[in-house]
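*Asks:* Just passing along the structure, written as structure tokens.
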């Protein structure tokens with residue numbers, strides 16, 4: 001055996017040792033993995049026999065609310081969601097809810113400080129009225145008096161002044177205000193909402209339209225709207241005369257965080273009511289009642305307010 005043969009044997013021996021070492025290392029590593037894997041891998045739970053938890057439906061707070069009105073709506077002004085509706089798009093006589101449109105129209109064209117003088121031809125209009133010919137008030141003060149006590153003389157004076165400023169009829173002036181808010185069912189021929197005769201009302205609209213209008217007025221003139229939540233309001237004419245009026249809504253103290261209240265009643269309309277209140281943390285809600293009675297408009301309105309508070313509390317009733 002020569003030197004070359006010895007070299008070949010040595011090389012084969014070295015290769016065998018290296019292969020053996022590699023196989024031994026692989027075996028050890030595999031064993032280690034088999035040992036530690038259970039500590040790092042959690043077995044998935046067996047879900048074959050686990051039933052899905054049923055989700056309970058939210059209670060319907062409006063399900064059993066007794067509403068005598070011909071039409072009503074609860075409208076979430078913040079989300080533009082209708083929470084409750086009964087004939088919400090029916091066009092019905094508005095009575096003094098028309099005054100909301102009159103004041104909104106005036107504030108869209110005139111400064112709140114605009115002086116408005118009471119003309120003689122409105123001082124003998126149907127009650128309620130509290131003003132005298134020649135008295136002058138700022139638009140804001142006259143609007144506060146008018147909406148709080150539902151003054152027909154005040155509403156007529158505001159409508160006449162605004163129409164004159166726009167150089168058009170009261171009907172056209174009010175129609176423009178309704179159009180600006182996309183109130184498709186709203187139409188008025190005078191600023192007070194008084195019936196024209198035994199078959200024609202001074203203003204018409206739907207509960208849905210009135211909810212949008214009430215929310216828009218609160219947004220445009222929160223101070224004027226807030227006056228309608230007080231038991232009485234007073235204002236001073238430029239000649240120093242102080243006028244004090246009482247609220248036409250007897251339940252203002254019963255509604256939490258009330259932002260606006262407006263009543264309406266005529267022979268054609270029956271009893272109407274518009275409310276805006278804060279359901280919590282800047283979340284305004286409008287409640288509109290159309291075609292109820294003089295008394296039941298308030299019980300209808302309060303029932304829907306209570307149902308709305310229950311709705312946001314996640315219960316069927318309070």
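*Asks:* Take the residues in the range 47-62 that are more than 23 Å from residue 210 (Cα to Cα) and in contact with a helix residue (DSSP H, G or I) (Cβ under 9 Å, 6 or more places away or on another chain); name whichever of them is modelled with the lowest pLDDT.
*Replies:* That would be 58.
*Asks:* Being under 15 Å from residue 72 (Cβ atoms), surrounded by fewer than 21 Cβ atoms within 10 Å (Cβ to Cβ) and out of contact with any helix residue (DSSP H, G or I) (no Cβ under 7 Å at 6 or more places or on another chain) is the requirement here; does residue 198 meet it?
*Replies:* no
*Asks:* Continuing with this model, one more query. Do we find that residue 172 is over 20 Å from residue 220 (Cβ atoms), crowded, with 24+ Cβ neighbours inside 10 Å and without any contact (Cβ under 8 Å) to a residue 40 or more places away in the chain in this structure?
*Replies:* Taking the combined requirement at face value, the residue does not satisfy it.
*Asks:* So which residues in the range 266-283 are surrounded by fewer than 20 Cβ atoms within 10 Å (Cβ to Cβ) and farther than 24 Å from residue 203 by Cα?
*Replies:* Of everything in the range 266-283, those that are surrounded by fewer than 20 Cβ atoms within 10 Å (Cβ to Cβ) and farther than 24 Å from residue 203 by Cα turn out to be 278, 280, 281, 282, 283.
*Asks:* Continuing with this model, one more query. Among the candidates 72, 88, single out the residue that is under 30 Å from residue 267 (Cα atoms), in a loop (DSSP other than H, G, I, E, B) and at pLDDT 95 or above.
*Replies:* Going through 72, 88 in turn, the sole match is 88.
*Asks:* Let me ask something else. Filter the range 131-140 down to residues that are crowded, with 18+ Cβ neighbours inside 10 Å and either at pLDDT below 95 or in contact with a helix residue (DSSP H, G or I) (Cβ under 7 Å, 6 or more places away or on another chain) (or both), then give me how many there are.
*Replies:* Within the range 131-140, residues that are crowded, with 18+ Cβ neighbours inside 10 Å and either at pLDDT below 95 or in contact with a helix residue (DSSP H, G or I) (Cβ under 7 Å, 6 or more places away or on another chain) (or both) number 3.
*Asks:* Here's another thing I want to ask about it. For residues that are surrounded by fewer than 16 Cβ atoms within 10 Å (Cβ to Cβ), part of a helix (DSSP H, G or I) and touching a helix residue (DSSP H, G or I) at 6+ places or on another chain (Cβ under 7 Å), tally how many sit in the range 224-257.
*Replies:* Selection size over the range 224-257: 1.
*Asks:* If only one of 260, 213 is part of a strand (DSSP E or B) and crowded, with 20+ Cβ neighbours inside 10 Å, which one is it?
*Replies:* Sole residue among the options that is part of a strand (DSSP E or B) and crowded, with 20+ Cβ neighbours inside 10 Å: 260.
*Asks:* So residue 178 passes all but one of these: (1) touching a strand residue (DSSP E or B) at 6+ places or on another chain (Cβ under 9 Å); (2) over 17 Å from residue 98 (Cβ atoms). Which condition number does it fail?
*Replies:* (2)
*Asks:* Report yes if residue 188 is buried (at least 20 other Cβ atoms within 10 Å of the Cβ) and in contact (Cβ under 8 Å) with a residue 40 or more places away in the chain, otherwise no.
*Replies:* The answer is yes for residue 188.
*Asks:* Checking the condition at pLDDT 95 or above and not in a strand (DSSP E or B), which residue from 274, 303 passes?
*Replies:* On inspection, the qualifying residue turns out to be 303.
*Asks:* OK, next. Check residue 290 against each of (1) surrounded by 17 or more Cβ atoms within 10 Å (Cβ to Cβ); (2) closer than 18 Å to residue 146 by Cβ and name the one condition it does not meet.
*Replies:* (2)
*Asks:* Checking residue 165 against (1) assigned to a helix (DSSP H, G or I); (2) modelled with pLDDT of 95 or more, only one condition comes out false. Which one?
*Replies:* Looking at each condition in turn, residue 165 falls short on (2).
*Asks:* Continuing with this model, one more query. Somewhere in the range 108-115, is a residue at pLDDT 95 or above, touching a strand residue (DSSP E or B) at 6+ places or on another chain (Cβ under 6 Å) and surrounded by 11 or more Cβ atoms within 10 Å (Cβ to Cβ)?
*Replies:* Looking through the range 108-115, at least one residue is at pLDDT 95 or above, touching a strand residue (DSSP E or B) at 6+ places or on another chain (Cβ under 6 Å) and surrounded by 11 or more Cβ atoms within 10 Å (Cβ to Cβ).
The values are calculated or read from the model by the stated rules, or taken from the named source; none is laboratory data. Please read all numbers here as calculations on a predicted model, not as lab measurements. Here the Cβ is made from the backbone with ideal geometry for all residues, glycine too, and neighbour counts use every protein chain on show.
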